[in-house]
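Structure first, then comments.
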Amino acid sequence: FLLLTFLKFLDEYFHPFKHGLLFLFLPLFDLTQVGGLGTKLSTGWSFLGGSRIVIRPNVTRNLLQRKSSMVSALWSESSQIATNVFPLGTLAVLPFYFFMVVAPKAALAQKVMESSIPYIVLGLLYVYLVYLSWTPDTMQLLFPNKYLLPELDGIAEMFSRVMTLASAWIHLLAVDLFAARQIYHDGLENDIETRHSVTLCLMSCPIGIVSHFITKALFSRRDR
């Protein structure tokens with residue numbers, strides 16, 4: 001009983017100095033490596049329990065590091081997909097423009113341009129890229145106001161993302177090719193020159209459409 005009372009007295013008396021006594025011996029430990037592993041260091045001292053150095057894992061920090069690594073990996077993967085899709089989509093539509101411009105009246109060209117396969121493929125690819133580019137703030141960027149009308153700042157923010165830009169490029173390729181095919185078929189039906197308008201559709205679809213209307217009007221006047 002006396003021994004326990006004495007130890008309790010020492011514990012209470014030296015309690016204010018326990019951190020100072022402990023840190024006298026901390027230089028003996030290499031704690032710099034421990035701190036770098038995402039851990040927390042807590043100390044305790046008493047005559048009854050002795051000195052303790054408790055190392056606990058910093059769960060929050062480790063989780064944040066893992067999430068950061070996962071986000072970086074996903075971003076790298078998305079960037080790689082977008083980098084591959086950009087040239088592949090462009091190369092995929094060039095053969096169709098080649099047939100419409102070089103040999104518009106050839107039987108093979110007409111048969112190829114009747115197919116709907118390229119539009120289905122481009123459409124599915126576009127849906128896939130939109131799925132990859134979709135983020136929780138996409139709807140907010142598209143419809144930022146109560147009138148549900150897009151604003152330039154929101155669209156600019158969306159197109160600053162690589163995956164969104166890649167999906168927009170596939171969208172343009174599909175729409176441009178579809179418009180070019182419509183012009184091509186209209187030219188065959190009405191015996192109108194369309195090669196220049198089809199070429200313009202590849203570079204800028206609206207200009208190609210305007211070019212075709214002007215050409216069609218000139219040919220109609222010529223026939224009169």
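Classify region 146-224 from the C-alpha gyration tensor, please: rounded if a/c falls under 1.5, else prolate or oblate depending on whether a/b exceeds b/c.
Note, shape of region 146-224 comes out prolate.
Return the whole-Å distance between the Cα centroid of region 78-126 and the Cα centroid of region 167-194. About 11 Å separates the Cα centre of region 78-126 from the one of region 167-194.
May I ask you to give the percent of accessible area on region 88-165 that is carbon plus sulfur, with a probe radius of 1.4 Å? Ligands and nucleic acids excluded, carbon and sulfur give 74 percent.
Net charge in the neighbourhood of residue 209 (other residues with Cβ under 13 Å of its Cβ; Lys, Arg +1, Asp, Glu -1) is 0.
Probing with 1.4 Å while keeping every protein chain in the model, the per residue accessible area of region 83-179 equals 63 Å². Kindly identify region 82-214 as rounded, prolate or oblate by the Cα gyration tensor criterion: order the square roots of the eigenvalues as a ≥ b ≥ c, call it rounded if a/c is under 1.5, otherwise compare a/b with b/c, prolate if a/b is larger, else oblate. Note, shape of region 82-214 comes out prolate.
The values are calculated or read from the model by the stated rules, or taken from the named source; none is laboratory data. Please read all numbers here as calculations on a predicted model, not as lab measurements. Glycine gets a Cβ as well: all are built from the backbone with ideal geometry, and neighbour counts include every protein chain shown. Surface accessibility is based on the protein's heavy atoms, side chains included, excluding ligands, DNA and RNA. Shrake-Rupley method; radii C 1.70, N 1.55, O 1.52, S 1.80 Å.
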